[in-house]
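Reviewing the structure listed below.
The values are calculated or read from the model by the stated rules, or taken from the named source; none is laboratory data. Quick caveat: nothing in here was measured; it's all calculated off a predicted structure. Quick reminder, even Gly has a Cβ in these numbers, built from the backbone with ideal geometry, and neighbours come from all protein chains shown. To get the accessible areas, we keep the full protein, side chains included, count just its heavy atoms, and leave off ligands, DNA and RNA. Shrake-Rupley method; radii C 1.70, N 1.55, O 1.52, S 1.80 Å.
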Amino acid sequence: MKKYMNDLLTRYNYDSFIPEKFEPWMNFASSPKTGTLAPDFPLWELDQAPTRLSEIWSQHDFTIVEFGSFT
Amino acid sequence: MNAIADQYAGQNIGSIFLYTLTSMEQKFRHAYDLRDVLGVTRPILVDALDGACHRAYGSMPNMTWIFARSGLIVYKSDWTDAYSVENAIQYFAQIPQRRKAGERLAPFHVERLDYRNQERGQFYKALERNGPKAVEEFRKAFPMG
């Protein structure tokens, strides 16, 4: 299990933005559908305080979530 | 996207940036850079080290999702385009008002192909701060912009 997690962390947090490393993760076509309930996950604020995605979306009538990184 | 967040904040529309990839230490450092270097003014949240949230939603490098207060997914795009997001949020923002006015609304599915601006000058200018390797890798990965 530990080996699987280490492997997952290494492969997901790839060191180079090249197709061989990021394309295997891209599965937008099989991501949750519109009209369904969104899966919830733990997240962290910038001060490292824990929160959840559901805490975010429950604060407003609608919530825009942009995913991205700055590497 | 920051401008859209500001423009619709008064209409009960929330907006965040969800930071993905890299180690937790790097995640937080780079998330601060998003705010301090790139000027992201929306609340910035950070995903888990294993990218559980990012992976569950499709792992695209820069995608946007819109959720209703109930957690219902109402919009998903595999690339972020401010025009597309604003067009969608203009539509959704009037739903509560229409309901208050007595309209009986039921959801239905729409499929639509949007078009994004491929002008990448500003993006690459920001990417240059990360060094030539970052620029070279992105250009190779997305030669069409």
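For the range B:17-85, with only Lys/Arg (+1) and Asp/Glu (-1) charged at the beta-carbon, what is the dipole magnitude about the Cα centre, in debye rounded to 20?
Result for the range B:17-85 is approximately 200 debye, rounded to the nearest 20.
Positive end of the charge dipole of chain B (Lys, Arg +1 and Asp, Glu -1 on Cβ, about the Cα centre): tell me which of B:Met1, B:Val135, B:Gln90 has its Cα farthest that way.
Sorting the options by dipole projection puts first B:Gln90.
Across the residues of A:39-48, average count of Cβ atoms on other protein chains within 10 Å?
Mean partner-chain Cβ count within 10 Å for A:39-48: 6.
Measure off 7 Å from each Cα along the Cα-to-Cβ vector at B:Arg69 and A:Ser16, then give the distance between these two points in nanometres to one decimal.
So the two model labels end up 5.0 nm from each other.
Could you tell me which trypsin sites (Lys or Arg not before Pro) in the range B:1-68 are loop residues by DSSP with no more than 15 other beta carbons within 10 angstrom of their beta carbon?
Sites meeting the loop and neighbour criteria: none at all.
Starting from the Cα gyration tensor of the range B:11-60, take the square roots of the eigenvalues, sort them a ≥ b ≥ c, and report rounded, prolate or oblate (rounded when a/c is under 1.5, otherwise prolate if a/b is larger than b/c, else oblate).
oblate
Please work out the average accessible area per residue across chain B, using the 1.4 Å probe convention, and give it in Å².
Value for chain B: 56 Å² per residue.
Once neighbouring chains are kept in place and the probe is 1.4 Å, which whole percent of the accessible area of the protein assembly as shown is contributed by carbon and sulfur?
Of all accessible area on the protein assembly as shown, carbon and sulfur atoms account for 54 percent.
In nm, give the distance between the simple-model label positions of B:Gln7 and B:Gln97, each being 7 Å from the Cα along the Cα-to-Cβ direction.
1.4
Classify the range A:1-48 from the C-alpha gyration tensor, please: rounded if a/c falls under 1.5, else prolate or oblate depending on whether a/b exceeds b/c.
The shape class here is oblate.
Along the Cα→Cβ direction, 7 angstrom out, place labels at A:Leu9 and A:Ser58. What is the inter-label distance in nm?
3.0
Give the range of the longest stretch in chain B that excludes all GluC sites (Glu not before Pro) found in loop regions by DSSP and having at most 12 other beta-carbon atoms within 10 Å.
Counting at most 12 other Cβ atoms within 10 Å as exposed, the longest clean stretch of chain B is B:1-102.
What list of ³J(HN,Hα) values in whole Hz, one per residue of the range B:104-114 in order, does the Karplus curve 6.51 cos²θ - 1.76 cosθ + 1.60 (θ = phi - 60°) give from phi, with Gly and Pro shown as x?
8, 10, 10, x, 8, 8, 10, 10, 8, 9, 8
A 32 angstrom limit on the alpha carbon distance is what I want to check against. Which of A:Lys2/B:Lys125; B:Lys76/B:Lys125; A:Lys33/B:Lys133; A:Lys33/B:Lys27; A:Lys33/B:Lys125; B:Lys76/B:Lys140 exceed it?
A:Lys2/B:Lys125; A:Lys33/B:Lys133; A:Lys33/B:Lys125
For B:73-86, what's the mean count of beta carbons from other chains sitting within 10 Å of each residue's beta carbon?
3
Within the range B:58-145, report the chymotrypsin sites (Phe, Trp or Tyr not before Pro) that DSSP leaves as loop and that have at most 14 other Cβ atoms within 10 Å.
Answer in residue order: B:Trp79, B:Phe108, B:Tyr115.
Which of rounded, prolate or oblate describes the range A:16-71 when judged by the alpha-carbon gyration tensor and an a/c cut-off of 1.5?
Cα axes put the range A:16-71 in the oblate bin.
Give me, ordered by chain and number, the residues 5 or more places off B:Leu72 or on other chains with an amide H under 5 Å from its own placed amide H.
A:Ala38
Chains B and A: buried accessible surface, both sides, probe 1.4 Å, rounded to 100 Å²?
6100
Under 17 Å from the Cα of B:Lys100, which aspartates and glutamates turn up, not counting those fewer than eight places away in the same chain?
The qualifying aspartates and glutamates are A:Asp61.
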